[in-house]
Amino acid sequence: MLEGKAVVRESDMPKMMQSHAMELAYQALDLHEVSDCQSIAQYLKQNFDETYGPAWQCVVGVDFGSCITHLCGSFIFFHVEMMEFLVFKDWKDMDERKEEAIYRSAAERRRK
């Protein structure tokens, strides 16, 4: 396990959600080898999906680049010592809601 303090580099998440992300990172680092980035990322993603609904993404590693689109209020990038964590919610859930709204709108027009 890494013993360092989590440091937020950038985030637009509510503070409570940020704290939750960092706590899950500590838990994942306790449960998995530091070198097992995939299992650490999966742990965070599954917990975020269960707590905040589907479509969360997580990237964990020592050195990576990224270019993402995320829902407002769902992004955090932080590190614990040299291990970096990127957690965000993508547009999948938003697209499903949009499709539902289009379907409802079409159904309402047919009733009129």
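Structure notes:
- Hits in the range 33-44 (condition: surrounded by fewer than 20 Cβ atoms within 10 Å (Cβ to Cβ) and either under 20 Å from K89 (Cβ atoms) or among the aliphatic types (A, V, I, L, M) (or both)): V34, Q38, Q42
- Considering the range 17-32, the residues that are in contact (Cβ under 8 Å) with a residue 12 or more places away in the chain and open to solvent by 60 Å² or more (accessible area, probe 1.4 Å) include one that is farthest from E3 (Cα to Cα), namely L31.
- Search result, residues across the range 68-81 that are without any contact (Cβ under 8 Å) to a residue 40 or more places away in the chain and either of a type in the set (V, I, T) or within 21 Å of H32 (Cβ to Cβ) (or both): I68, T69
- Count of residues meeting criterion [open to solvent by 20 Å² or more (accessible area, probe 1.4 Å) and more than 12 Å from the chain's Cα centre (by Cα)] in the range 73-89: 4
- Selection status of S66, open to solvent by less than 50 Å² (accessible area, probe 1.4 Å), hydroxyl-bearing (S, T, Y) and touching a strand residue (DSSP E or B) at 6+ places or on another chain (Cβ under 8 Å): no
- Yes/no for I68 being among the hydrophobic types (A, V, I, L, M, F, W, C) and at pLDDT 85 or above: no
- Selection within the range 48-67 - assigned to a helix (DSSP H, G or I) and either touching a residue at least 24 places away in the same chain (Cβ under 8 Å) or at positive phi (or both): F48, T51, Y52
The values are calculated or read from the model by the stated rules, or taken from the named source; none is laboratory data. Keep in mind it's a predicted model, so treat the numbers as computed, not measured. Methodologically, a virtual Cβ is constructed for each residue, glycine included, from the backbone with ideal geometry; neighbour enumeration extends over all protein chains shown. Quick note on the areas: whole protein, heavy atoms, side chains included, nothing else; ligands and nucleic acids left out. Shrake-Rupley method; radii C 1.70, N 1.55, O 1.52, S 1.80 Å.
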